[in-house]
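The values are calculated or read from the model by the stated rules, or taken from the named source; none is laboratory data. These numbers were taken from a predicted model, which means no experiment stands behind them. Cβ sites come from the backbone with ideal geometry, for glycine too, and all protein chains shown count toward neighbours. When the accessible area is computed, the model is the full protein with side chains, heavy atoms only, and any ligands, DNA or RNA have been set aside. Shrake-Rupley method; radii C 1.70, N 1.55, O 1.52, S 1.80 Å.
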Amino acid sequence: MTIEFNERLQKLPPYLFIEIDRKKRKLQESGVDVIDFGIGDPDTPTPDFVISAMQEAVARPEYHRYPLGRGKSFFRQACALWFKKRFGVILNPDKEIVALIGSKEGIGHLPFAFLNQNEVTLAPEPGYPVYANATILAGGDPFFLPLKEINGFLPDLSAIPAPVLKKARLLFLNYPNNPTGAAAPDSFWKEAISFCDKYGIILASDAAYSEVYYGKKSKSIFQFPGGKEVGIEFHSLSKTFNMTGWRVGFACGHEKVLSGLATVKENLDSGVFEAIQAAGSAALAAPEGFTEGLRRMYRRRMETLVSGLNKLGISCCVPAGTFYLWVKTPEGENSTQFSTRLLEKFGIITTPGCGFGPSGDGYVRFSITLDESRIKEALSRLSKT
Ligand SMILES: Cc1ncc(COP(=O)(O)O)c(C=O)c1O
């Protein structure tokens, strides 16, 4: 029997990090001490107060059953309290918050609720691949919005052709931005909200890195007038509390948008393990000091890497947030060539920018989720060219 994947699955590019991981393993097997600036996965552990909350919660039989629904009321209340404290925005925990099995899950399910066949998602490129790939899996078409350095890595919404606008249902935006590290100014958020309102497009703001900022605090779209009328925002506990493996986050915002997402989820998953929701609630109630400590650590690492690369004549886009550094390739090399040279000559893994979209060519992404001593070791290897 021949088994064929459906056309939608066949349209997907290979998942970026699987290929990089394969190369890493091969090098490690041949004895190379690989320094991994590849995937963005925090290297420091989940804090003790979250582990303790989990240990206590996991022993409670009432948390062992199907979670179902939009998440435990205590978890949604913890999200609402965190939101109020952090952004000064009031959310209704019953109608305006849904627990997610990591924000990726919610981002991936959203197009299934709002796209009909061949309708369009506006997706930034370079960008997190899930916006476009989930769109394809849902039978829609991504339309890519280039993020150019000259525009501060913001998309030019006025350049979207009218026939595309007619079919567009979703606009994904992500600031602080993976992979460029850019932030969005207030003027852009206001523009995006009125653009979505004008064309009847849902604004899906991916705020996975909202707590990893270096200068000004990042904002929620709900801090701007009209944000809640057009938008949904995805929040993640992964990067904020070193909890990538736990799979917990939440979506919030427009009531109808959330109910569409919740309906898709009811049919495809059974929610977040309730003990994890208890641990997540403890994380969200943590004093600001924990995330401030994380930001200090990433800032130190970032400064070491940026100044070291600059000394070697390699220029970088200094990030406003995230733990990614968007590094320009040297003259005459494209992003795959530079990334391959870093890997084969120096045992340094980076992600070629073109993997995030064609406008990412000319850059490679360094993730600083590794100890400062390893960053220094990488710089020392690079200085011995
Ligand atoms: C831009 C962006 N959004 C969302 C996610 C998903 O995070 P999680 O599913 O762990 O909440 C990631 C993970 O790397 C990301 O980079």
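Counted as qualifying within the stretch 263-360 are the helices (runs of 4 or more DSSP H) with 1 or more residues that are closer than 30 Å to Leu145 by Cβ, namely 289-311, 335-346.
For the stretch 1-50, filtered to residues that are surrounded by 10 or more Cβ atoms within 10 Å (Cβ to Cβ), part of a loop (DSSP other than H, G, I, E, B) and acidic (Asp, Glu), the residue that is nearest to the chain's Cα centre (by Cα) is Asp41.
I want to confirm something. Restricting to the stretch 267-291 and keeping residues that are at pLDDT 95 or above and open to solvent by 60 Å² or more (accessible area, probe 1.4 Å), which single residue is farthest from Ser238 (Cα to Cα)? Looking at residues that are at pLDDT 95 or above and open to solvent by 60 Å² or more (accessible area, probe 1.4 Å), I get Asn267.
Given the criteria within 16 Å of the ligand (Cβ to nearest atom), surrounded by 22 or more Cβ atoms within 10 Å (Cβ to Cβ) and either closer than 19 Å to Phe114 by Cβ or among the aliphatic types (A, V, I, L, M) (or both), does Ala251 qualify? Walk me through how you get there before you give the answer.
Working: within 16 Å of the ligand (Cβ to nearest atom): yes; surrounded by 22 or more Cβ atoms within 10 Å (Cβ to Cβ): yes; either closer than 19 Å to Phe114 by Cβ or among the aliphatic types (A, V, I, L, M) (or both): yes.
It is true that Ala251 is within 16 Å of the ligand (Cβ to nearest atom), surrounded by 22 or more Cβ atoms within 10 Å (Cβ to Cβ) and either closer than 19 Å to Phe114 by Cβ or among the aliphatic types (A, V, I, L, M) (or both).
Among the residues making up the stretch 104-113, those that are within 13 Å of the ligand (Cβ to nearest atom) and open to solvent by 10 Å² or more (accessible area, probe 1.4 Å) are Lys104, Glu105, Gly108, His109.
Results for (1) surrounded by 21 or more Cβ atoms within 10 Å (Cβ to Cβ); (2) within 19 Å of the chain's Cα centre (by Cα); (3) within 15 Å of the ligand (Cβ to nearest atom), shown as yes or no for each residue.
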residue: Glu56; (1), (2), (3): no, no, no
residue: Gly71; (1), (2), (3): yes, no, yes
residue: Arg76; (1), (2), (3): yes, no, no
residue: Gly88; (1), (2), (3): no, no, no
residue: Leu115; (1), (2), (3): yes, no, no
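One residue stands out among those in the stretch 201-234 that are more than 16 Å from the ligand (Cβ to nearest atom) and out of contact with any helix residue (DSSP H, G or I) (no Cβ under 9 Å at 6 or more places or on another chain): the one that is most open to solvent (accessible area, probe 1.4 Å), which is Lys216. Evaluating Val98 against the criteria (1) within 16 Å of the ligand (Cβ to nearest atom); (2) open to solvent by 30 Å² or more (accessible area, probe 1.4 Å); (3) out of contact with any Ser or Thr (no Cβ under 8 Å at 6 or more places or on another chain) leaves one unmet condition, (2).
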